[in-house]
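Undergrad: Would you mind keeping the following structure in view while I ask a few things?
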Amino acid sequence: MYIYSNNNRNFAPSFEYLFTMSAKKQRLSAIKSIIRKEVIRSQEDLQKSLTDSGFEVTQATLSRDIRQLKIVKTHDNEGRYVYMLPDMTMKEPRLPASLFDKSVVEFSGNLAVIKTRPGYAMGIASDIDKHAPDEILGTIAGDDTILIIPRERYTRIQIKDALARFLKD
């Protein structure tokens with residue numbers, strides 16, 4: 001069904017298209033509300049909450065919605081993953097020392113390296129970047145290793161002290 005048609009040219013989409021867009025906006029709004037109110041640790045958790053709210057979505061649709069809303073997966077204060085919206089800010093994270101290997105920070109020249117348990121490096125590096133102290137220019141992460149790029153004017157001790165703020169005793 002089209003709103004206007006002339007000489008077999010379609011000038012406007014059907015009302016069904018307008019309803020679909022409205023449903024998407026409602027779903028995106030529900031996702032934001034759920035993430036703000038609940039602790040969501042996985043797409044499965046989010047999908048279940050959406051279903052409970054009356055929205056049936058596939059994993060592929062949910063992935064696209066997560067990407068569109070720029071939702072990130074980061075560590076909470078217990079060191080577990082949690083989904084957050086870009087405008088949500090946690091206080092400076094305090095990550096449990098158990099996430100790190102015994103020698104937390106090692107240096108090579110002016111670069112620092114942190115070894116973590118497998119699978120944790122990217123989330124921890126994201127937290128460090130998000131709450132970067134002035135001493136830290138940025139990070140690069142693999143599966144269990146974080147490369148810390150410090151700013152030039154800081155000493156190794158200052159870098160270690162800056163990173164220590166992220167660790168629980």
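The values are calculated or read from the model by the stated rules, or taken from the named source; none is laboratory data. Given the structure is predicted, the values throughout are model-derived calculations rather than measurements. FYI the Cβ positions are ideal-geometry reconstructions off the backbone, even for glycines, and counts take in every protein chain you see. Each accessible area value is taken on the protein alone, full model and side chains, heavy atoms only, with ligands, DNA and RNA left out. Shrake-Rupley method; radii C 1.70, N 1.55, O 1.52, S 1.80 Å.
Undergrad: Does segment 91-121 hold any residues that are polar (S, T, N, Q) and either at pLDDT 80 or above or under 21 Å from the mean Cα position of the chain (by Cα) (or both), and which are they?
TA: If the condition is that a residue be polar (S, T, N, Q) and either at pLDDT 80 or above or under 21 Å from the mean Cα position of the chain (by Cα) (or both), then Ser108, Asn110, Thr116 are the ones that fit.
Undergrad: Output the number of residues of segment 108-145 satisfying the condition of being open to solvent by less than 50 Å² (accessible area, probe 1.4 Å), more than 17 Å from Arg80 (Cα to Cα) and in contact with a Lys or Arg (Cβ under 8 Å, 6 or more places away or on another chain).
TA: Number satisfying all stated conditions: 5.
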